[in-house]
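The values are calculated or read from the model by the stated rules, or taken from the named source; none is laboratory data. Small disclaimer: the values here were computed from a predicted structure and weren't measured. A quick note on method: Cβ atoms are made from the backbone with ideal geometry, for glycine too, and the neighbour counts reach across all protein chains shown.
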């Protein structure tokens, strides 16, 4: 392993971890069990709390303004410190966008082993985070660092939203169509890269997707009056869709053949490159999900692939879908597509077909 005194080659952050990005989350079933009896505050100014397992908390300041408050951090999923900072910041800020909010300020959260990795890597991670925050119009105004191994980085972010226009995972209505704004596959491709299974360009495409802010999607959700959405991260498309279905009291049907995939994702899954997080997510959804007869096994597992800094899954009234998709494509989300529909609640909260 490269030491602080060995500057002959760049330090590879992947050499410090076995699991990085949102794949490093505690399994969702274990997390829900842990939190099921956790006390929920009763302050009437709290508009969104832990009870709905939403993307962020929301606290009302006055009739015009509520704060959207979130935090996220994780170990490296890429080799380069600057790219790690860019992806981690994009992922942290995304929770504010998922609630329909505007991110304003943030604090750095850093765990870094100062005697085991060159401090230049620390600087590059912070530089990446700061550059992405500036792109999002976010000011980083401080932070906190622990000397810890392996390194971990993210942000605590505060934004604002109109209290009457909050977008939550419980806002899906029967008849809504589900639009996904980014392709799936980051978990599988990152795992494939570590196993030297990816083809040229596949990792770069995945990293580019992870660095793409969800700001345009958030603005368009407000423009078209969307009230139900989430972003797709560590629990995979299936896990996050299940949480939406539960919170909204509907059944969500996902048509996996319509779901956009990063190039190489399906081939890697077919070759057996399915990360452990996908199986943990499958364990979480299994009891409340109906899997269509004949559903392609690889697509089933891709639906559970843990995404890092994934896209928005938004529930859109049918009459607004065509215009919203057109605006998404024009704003830099060419692969945004309708992937499913919300239906009256049936036996299963989630249907994958």
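Counting only residues that are buried (at least 24 other Cβ atoms within 10 Å of the Cβ) and part of a strand (DSSP E or B), the range 73-96 holds 1 of them. Return yes when residue 140 is touching a helix residue (DSSP H, G or I) at 6+ places or on another chain (Cβ under 6 Å), free of Cβ contacts under 8 Å to residues at least 60 places away in the same chain and surrounded by fewer than 20 Cβ atoms within 10 Å (Cβ to Cβ) and no when it is not. Answer is yes for this residue.
Just wondering, is there one or more residues in the range 339-352 that are in a helix (DSSP H, G or I), crowded, with 18+ Cβ neighbours inside 10 Å and in the same structural domain as residue 247 (by TED's automatic domain parsing)? No; the residues of the range 339-352 include none that is in a helix (DSSP H, G or I), crowded, with 18+ Cβ neighbours inside 10 Å and in the same structural domain as residue 247 (by TED's automatic domain parsing). The residue of the range 97-133 that is surrounded by the most Cβ atoms within 10 Å (Cβ to Cβ), among those that are assigned to a strand (DSSP E or B) and in contact with a helix residue (DSSP H, G or I) (Cβ under 8 Å, 6 or more places away or on another chain), is 106. If you check residue 169 against the conditions, is it buried (at least 23 other Cβ atoms within 10 Å of the Cβ), touching a helix residue (DSSP H, G or I) at 6+ places or on another chain (Cβ under 9 Å) and touching a residue at least 12 places away in the same chain (Cβ under 8 Å)? It is true that residue 169 is buried (at least 23 other Cβ atoms within 10 Å of the Cβ), touching a helix residue (DSSP H, G or I) at 6+ places or on another chain (Cβ under 9 Å) and touching a residue at least 12 places away in the same chain (Cβ under 8 Å). Scanning the range 252-291 for residues that are in a loop (DSSP other than H, G, I, E, B) and either free of Cβ contacts under 8 Å to residues at least 24 places away in the same chain or in contact with a helix residue (DSSP H, G or I) (Cβ under 9 Å, 6 or more places away or on another chain) (or both) yields a total of 9. Taken residue by residue, the range 317-326 has no member that is at pLDDT 95 or above and either within 12 Å of residue 350 (Cβ to Cβ) or surrounded by 24 or more Cβ atoms within 10 Å (Cβ to Cβ) (or both).
The single condition from (1) touching a residue at least 24 places away in the same chain (Cβ under 8 Å); (2) not in a strand (DSSP E or B) that residue 164 fails is (1).
Residue 332 meets all of the listed conditions (1) within 24 Å of residue 93 (Cα to Cα); (2) in contact with a helix residue (DSSP H, G or I) (Cβ under 7 Å, 6 or more places away or on another chain); (3) surrounded by 16 or more Cβ atoms within 10 Å (Cβ to Cβ) but one, namely (3). Remark: pairs (first residue in the range 6-33, at pLDDT 85 or above; second residue surrounded by fewer than 13 Cβ atoms within 10 Å (Cβ to Cβ); Cβ separation under 7 Å; 6+ apart in sequence or on different chains) = 15/1. Would you be able to say whether some residue in the range 188-195 is touching a residue at least 12 places away in the same chain (Cβ under 8 Å), in a helix (DSSP H, G or I), touching a strand residue (DSSP E or B) at 6+ places or on another chain (Cβ under 8 Å) and surrounded by fewer than 23 Cβ atoms within 10 Å (Cβ to Cβ)? Checked against the condition, which is being touching a residue at least 12 places away in the same chain (Cβ under 8 Å), in a helix (DSSP H, G or I), touching a strand residue (DSSP E or B) at 6+ places or on another chain (Cβ under 8 Å) and surrounded by fewer than 23 Cβ atoms within 10 Å (Cβ to Cβ), the range 188-195 yields no hits at all. Quick check: anything in the range 86-100 more than 23 Å from residue 25 (Cα to Cα), modelled with pLDDT of 95 or more and outside the structural domain of residue 309 (by TED's automatic domain parsing)? Yes, the range 86-100 contains a residue that is more than 23 Å from residue 25 (Cα to Cα), modelled with pLDDT of 95 or more and outside the structural domain of residue 309 (by TED's automatic domain parsing).
Residue 260 fulfils the conditions (1) touching a strand residue (DSSP E or B) at 6+ places or on another chain (Cβ under 7 Å); (2) over 25 Å from residue 24 (Cβ atoms); (3) surrounded by fewer than 20 Cβ atoms within 10 Å (Cβ to Cβ) except for a single criterion, (2).
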